[in-house]
Amino acid sequence: MTCRFCRPELKDKQRVVLENELCLFLQEPQDVLVGSGIIVPRSHRETVFDMTEEEWTATFDLLQRAKAMLDAEFGPDGYNVGWNNGAVAGQEVFHVHLHVIPRHEDEPLAGKGIRHWIKQPMNKRGEGGMKGRRNLPLLIDGLINLLLGILLLSFPAVLVDVLGLPPFQGTFYPTLLGAVLLGIGIALFIQRHGKREGMTGLGIAGAIAINVCGVGVLLFWLVVGDLRIPVRGRVILWAVAIVVLLIAVVEAASGAWRQRGDAA
């Protein structure tokens, strides 16, 4: 059997940092989880349930020594320590290995623990859990925006007069475009700065921002703007505004814009 934890030299740049009679603490260069490493038994054991009592004791010894070393070198604010056992639990190398991961309070995902992702409603067993229901508003929103985009790209100018919509000349359409771009900017800002709170700017949170910005400008034109268009045009624009606003409200009320989870 060729195993890169039985023979650490097989993995390029992987090195033995600490060791005792029964276990090794291995590290390799990391771009994100700097300082992290794994503790493995020298003997090939597939899961933590296959380890001997002596190997558990040796693992504890190396864990304490690794923490002292990492504290001195990196000064972390906390640690994630844990095993993955079995493919369904995320184990990729079937030689048991204890992850030792220093954590820092300035990380974008600070406060998210090892259970955070697997305890989300979308991971509920059964008929897909909450994933489909939570994503439905985003799917509807995406389809509506795609249809409106295709319609506007192929919109014959002659239909402007037929439907009673504002003419292409003037500031109506540029301001709507500006509102959409503003919403995209807000979505990107959320994506950059909202990760710690579990907000995904380019997901539903971003869709809400874009919708609200666009509807806000459209309502401004309909309520106080100088729109000299027939009643049929106003009816169409009010219908668009109400539908998009309702979608934004449903998305906000669904709570799907936030991934909640404690640090355990």
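Just a few scattered comments:
- Inclusion of residue 40 among residues that are in the same structural domain as residue 83 (by TED's automatic domain parsing), touching a His at 6+ places or on another chain (Cβ under 6 Å) and within 15 Å of residue 60 (Cβ to Cβ) is warranted.
- Close Cβ contacts (under 8 Å, 6 or more residues apart or on different chains) running from residues in the range 83-101 that are in contact (Cβ under 8 Å) with a residue 40 or more places away in the chain to residues that are in a helix (DSSP H, G or I) and surrounded by fewer than 19 Cβ atoms within 10 Å (Cβ to Cβ) comprise 96/48; 96/50; 98/48; 98/63; 100/63; 100/67.
- Qualifying residue in the range 21-34 (condition: assigned to a loop (DSSP other than H, G, I, E, B), buried (at least 18 other Cβ atoms within 10 Å of the Cβ), without any contact (Cβ under 8 Å) to a residue 60 or more places away in the chain and not charged (D, E, K, R)): yes
- Take the conditions (1) part of a strand (DSSP E or B); (2) modelled with pLDDT under 95; residue 100 misses just one of them, which is (2).
- Counting the residues of the range 51-81 that are under 33 Å from the mean Cα position of the chain (by Cα), surrounded by fewer than 16 Cβ atoms within 10 Å (Cβ to Cβ) and part of a loop (DSSP other than H, G, I, E, B) gives 2.
- Hey, residue 45 at pLDDT 95 or above, surrounded by 14 or more Cβ atoms within 10 Å (Cβ to Cβ) and within 30 Å of residue 123 (Cα to Cα) or not: yes
The values are calculated or read from the model by the stated rules, or taken from the named source; none is laboratory data. Model, not experiment: these values are computed from the prediction. Ideal geometry is used to build each Cβ from the backbone, glycine not excepted, and the neighbour counts take in all protein chains shown.
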